[in-house]
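Worksheet: the structure to be examined is printed underneath.
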Amino acid sequence: MAVTQLIGARVQRREDPRLITGHGRFIEDHTLPGLTHLAVVRSPHPHARILGIDSAAARALPGVLAVFTAADFHKVLSGSMPVTPSFAPEKKYVPERFPIAEREVCFQGEPVAVVVAQDRYLAADAADLVQVTYEPLPAVVDPEVAMSPGSPLVHSDGPDNIGWDMTYAGGDIEAAFGRAEVVVKERILQQRLAPTAMEPRGVMASYSPYDEQLTLWLSSQNPHFIRLFVSGAMGIPESRVRVVSPDVGGGFGSKISPYPEDYLVPAASKLLQRPVRWIETRTESVMTTIHGRGQVFTAEAAALRDGTLLGLRLTQVLDLGAYHGTFGAFQACACLMSGGVYRWEAISARTVGVLTNKVPTDPYRGAGRPEGTHLCERMVDRVADELGMDPAELRRKNFAREFPFQNNFGLTYDSGNYDGTLDRALELSDYQGWRRRQASAREEGRLIGVGLSTWVEICGLGPSAPTAAATGGIALVEAAQIRFLPSGSVAAYVGTHAHGQGHDTTFSQLVAETLGVPLEAVDLRHGDTAEGPSFGYGTYGSRSLAVGGMALYTASQEILAKARKLAAHLLEAAPDDLEFTEGAFTVRGNPQAKKTIQEVALASYGGSLPQGMEQGLEAVSHFDPPNFVWPFGAHVCVVEVDRETGAVEILSYTGVDDCGNVINPMIVEGQVQGGIAQSIAQALFEEVVYDGESGQLLTGTMLDYLVPTMNELPTPKLDRTVTPSPTNALGVKGIGEAGTIAASAAVINAVCDALRPLGIHHVDMPASPDRLWRLMQEAGR
Amino acid sequence: MIPAAFKYSKAGSVREAVAQLREAGPEAKVIAGGQSLIPLLRLRLSQPTHLVDVNGVRELDYVHPEGDVLRVGALTRHSTLARSELVQRHLPLLAEMAAQVGDPQIRARGTLGGVFAHADAAGDYPTLAVMLDATIVTDRRRVAARDFFQHLFTTVLAEDELVCEVVFPMAPGPHRYLKFRRRLYDWAIVGAAVQKLDSGWRVGLTHVGPTAVRAAAVEARLLAGATFQEAAGAAAEELDPPSDVRASADYRRHLARVLTRRALEQAA
């Protein structure tokens, strides 16, 4: 069957019919004979000593099988939950973290005991009956308070609350500021966010004592890492642990790191010798799934009067929560990317990781890059504001234009065309038209603002040397395995994990195109450690196509190389005399002499192979990229602020992005739209709020934690430019986080632009009506 | 998100419902649409021992115009009120409010009587009832709306008493209800309702205190010939609004003034 161009085609997502008709199989859809149900007893206090746990009443409830506390879990679990070096390799204080508290609880929601019962209702009832006696201890939830001398200690046996304190020096910052003709300063908040995947977390475990096999079903972005961590903690050989991460209803980074329940559920299964399942409630999710962002920046930017940017000096105070997230220090990449798309003489960035009595923070869609972009784009706008320059003009004046471009911290941007995306975004958004409308609106006393965000990101984790150092051993390359079965159908396994990204479609397009087989012949599989390559590295950091897709591509190339030899043998020609087009090998100059790849696949299982060739047609390949990849783009947002109520209405939103070559434009657009939505959510709606006095979570339900709906979000105008990546053979970059990285700065720059006539120069997120009203009240005084 | 255990019974009539409530004791609750009760059960903020399901009490699902009043049965759903030609003709402000409750699924389930019995400060209908002097009819008595709501989530209802009907005066004149909210499906951070009657304007406010408020000072100023702007300036007088993560008390007072003026402008 002839195959037309699949790469670049708007192929409908092949996973959708199953998912949108309710036939997805998520954790709660999986069950086992004799399944038991686990509920977690959690600390209501942000910080307290555990004086005693009385579980008698819970145990007495009919249908309750067990109540376990730390003492029980020490029998089957050992070690501390993992913390990677990431971008802060020299840590000052890393508190030990056992998956369940023993003597002291350090955040609201920390597990104290678990109950296992015959059904979920009984487990919840019994959890309510477990009596824990606490002695409340002083707590601190504000990272700036926590880092100051005399603060309450987050862990009563800790030296202080400083997880790390280091400075990235990129150039001679004193010299840059010494030449400055204008310096602007700002304090920029990145509020905590709750990732809010549609499917909360969930774990089902079955431990078989006779053969010492553990099977875990778990809602995860990277099942192989979970296998590594859990097998280590439980002392079970990695080869005897199978982790299955089936359909996963969203992750956004919150399902990368291991969680206490990932250990407690299999441990409970081993203690009870019964299968056990735990499904996170939405309340637990907001309280105990990692939070994202949670940073306070102070920044100064130096420039010349003509708009030439000179230096950027900043401090990032990163609210770690009560423990380091496994990849928490990844968020320090905000510092490394704070220069954005511009040429700076020097950047100096200090990052301080501070412990607080709150749930840990960890990567959340963008993970440091939205924060770095927001900071940079706010500061650039502040400089333009100070100089009275058009922000588009100031950006153009300072764009990096020669690629590869090395930024102040030695990171090498592989390719870019920042003028191209900006020009197109200004045109598509009718930037000049909006500037005219803005001027006439201002005369009527209306507050219209136009905001830009020209962004770049580091993604495609990543090259083996830096990523192995960042994880403390395992390089974040990717593995793929492709097999032709005798019938000609293709099974492709990849170590990434799709949880909304559409990999089943994109990767199948890639494999079908490369191998010249029909799309329907390709079966794309992932998420089960029992099949495919020995290790998979997961999906996060917009890496799946640029690294995992490349692994599939290189595996395909290995298969084609073998198939060519076999086809040459079958056609009695020299391998170099064969052409491979539309899924068939033909002898150059003799199109009648032809073998389709599927015919070759069948022959590969037969008896007439060339001498020395083994049977079968399959390959395992690892792809170790030579660099990260560097998508970029330009977004334009237009808002109107209601002068009376402070309400923000988005009048227009435009995004022009460049992620290199595109496999499936429809999926790329969906990713950009979703990313923009999630970033507008940060700019205008979402915020995790803890009470400063009591340390209690105040936004514990979806009523108070404001995830916007389609009613509150604009339909963005989208376009693309295509600047292929030189980093990989496909010329692809990543797109999963682009919208999230770009949009918050565009929205807030627009809000600030709207409020400029009132003398307001900066607004923090979320730019909620009450916050804007207060700012306008203060400005009016 | 797992409710505690409770007993459950179905009632087919008002008499049955009251009898079941009486038998089940003081910790029983009525469930109709479940708009507010189900979330409270799931969060275990409410742990009734028994739920009496009144969804089968068909006799309470009606809209009856009668003389100069509109009688609305307690089991009437928001979606019914929003679509009802009778409501649109005789009390269009009620239809306007009903169309703005929650999302389509909630409007298909939630009931008028449930809103009154639950007495949430952010409920919309209580504002209309208080400002128009509606009457709440239970299985045993008639109570003026201004006397019915006592405090946050607190009414004069006895433990075994059932809301059966609300009697509104007909009011077909100019009207408007403005809800200030962050998301389309949210409750109002503040709501302002205005209704022109032959005797003058009636003005009510939602979520500016523990119960719905009739803004008598605004009404008086309007009657005395004040402009909308001048009259709305009195909307926050004597208010004691809550402060929460959505809005400070000051901001709610400010919104009360702004929304009242806008509602008057848009209604007229």
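Sites listed here are GluC sites (Glu not before Pro) in segment A:529-581 whose DSSP assignment is loop and whose Cβ has at most 15 other Cβ atoms within 10 Å: A:E531, A:E572. Taking GluC sites (Glu not before Pro) across segment A:91-122, the ones in a DSSP loop with at most 15 further Cβ atoms lying within 10 angstrom of their Cβ are A:E96, A:E102. Computed over the alpha-carbon atoms, the protein assembly as shown gives an Rg to Rh ratio of 1.00, Rh here being the Kirkwood radius from the mean inverse distance.
Using a loss threshold of 20 Å², tell me which positions in segment B:175-194 are less accessible in the complex than in their chain alone. Probe radius 1.4 Å, ligands and nucleic acids ignored. Listed in order, they are B:F180, B:R182, B:R183, B:L184, B:Y185, B:W187.
The A-B contact accounts for approximately 2400 Å² of buried accessible area, totalled over both chains at a 1.4 Å probe radius. Kindly tabulate the residues in segment A:705-736 with an accessible-area decrease of at least 30 Å² between the chain alone and the assembly of all protein chains, using a probe of 1.4 Å. Residues losing area: A:L706, A:N711, A:E712. Taken as entire DSSP H runs, the helices of chain A that both span 15 Å or more between Cα atoms along their own long axis and average 1.0 or more on the Kyte-Doolittle scale are A:738-755. Within the same chain, aspartates and glutamates fewer than 8 places from A:K733 are excluded, and of the rest, those with a Cα less than 19 Å from its Cα are A:E402, A:D414, A:D419, A:E457, A:E478, A:D504, A:E513, A:D624, A:D657, A:D658, A:E669, A:D719.
Working from Cα pairs under 8 Å separated by at least six residues, relative contact order for chain A is 16 percent. Using a Gaussian network model of chain B in which every pair of alpha carbons under 10 angstrom is joined by a spring, one finds that among B:V130, B:V245, B:V208 the greatest mean-square fluctuation is at B:V245. For A:K185, the lysines whose Cα comes closer than 30 Å to its Cα, not counting residues fewer than 8 places off in the same chain, are A:K91, A:K92, A:K358, A:K397. Listed by chain and number, the lysines whose C-alpha is less than 25 Å from the C-alpha of A:K565, apart from same-chain residues fewer than 8 away, are A:K594, A:K595.
Remark: relative contact order (segment A:191-320) = 31 percent; criterion is Cα-Cα distance under 8 angstrom and separation of 6 or more residues. Among the protein heavy atoms of the protein assembly as shown, carbon and sulfur supply 50% of the accessible surface, probe 1.4 Å, non-protein parts ignored. Normalised per residue, the accessible area of segment A:32-365 is 32 Å², obtained with a 1.4 Å probe and no contribution from ligands, DNA or RNA. Each Lys and Arg Cβ is given +1 and each Asp and Glu Cβ -1; about its Cα centre, the protein assembly as shown then shows a dipole of about 1000 debye.
Overall dimensions of segment A:32-365, expressed as equivalent-ellipsoid semi-axes from the Cα gyration tensor (√(5λ), whole Å, largest first), are 42, 21, 16.
Using only Cα atoms, tell me the angle between helix B:249-267 and the longest principal axis of chain B; keep it within 0 to 90° and round to the nearest 10. Roughly 70 degrees between the two axes.
Once the partner protein chains are put back, segment B:1-22 shows a loss of at least 50 square angstrom of accessible area, versus the chain by itself, at B:M1, B:I2 (probe 1.4 Å, ligands and nucleic acids excluded). Here is the list for segment A:436-514: GluC sites (Glu not before Pro) lying in DSSP coil, each with at most 10 other C-beta atoms within 10 angstrom of its C-beta, are A:E444. Solvent exposure of segment B:125-176 amounts to 40 Å² per residue of accessible area, where only protein heavy atoms count and the probe is 1.4 Å.
Of A:I482, A:I279, the order by accessible heavy-atom surface (1.4 Å probe, DNA, RNA and ligands excluded), from most exposed downward, is A:I279, A:I482. With contacts taken as Cα pairs under 8 Å at a separation of at least 6 residues, segment B:175-267 carries a relative contact order of 30 percent.
The values are calculated or read from the model by the stated rules, or taken from the named source; none is laboratory data. Only a predicted model underlies this, so the values are computations on that prediction, with no experimental measurement involved. Note that each Cβ is placed from the backbone with ideal geometry, even for glycine, and that neighbours are counted across all protein chains shown. For the accessible areas, the whole protein counts, side chains as well, though only heavy atoms, and no ligand, DNA or RNA atoms are used. Shrake-Rupley method; radii C 1.70, N 1.55, O 1.52, S 1.80 Å.
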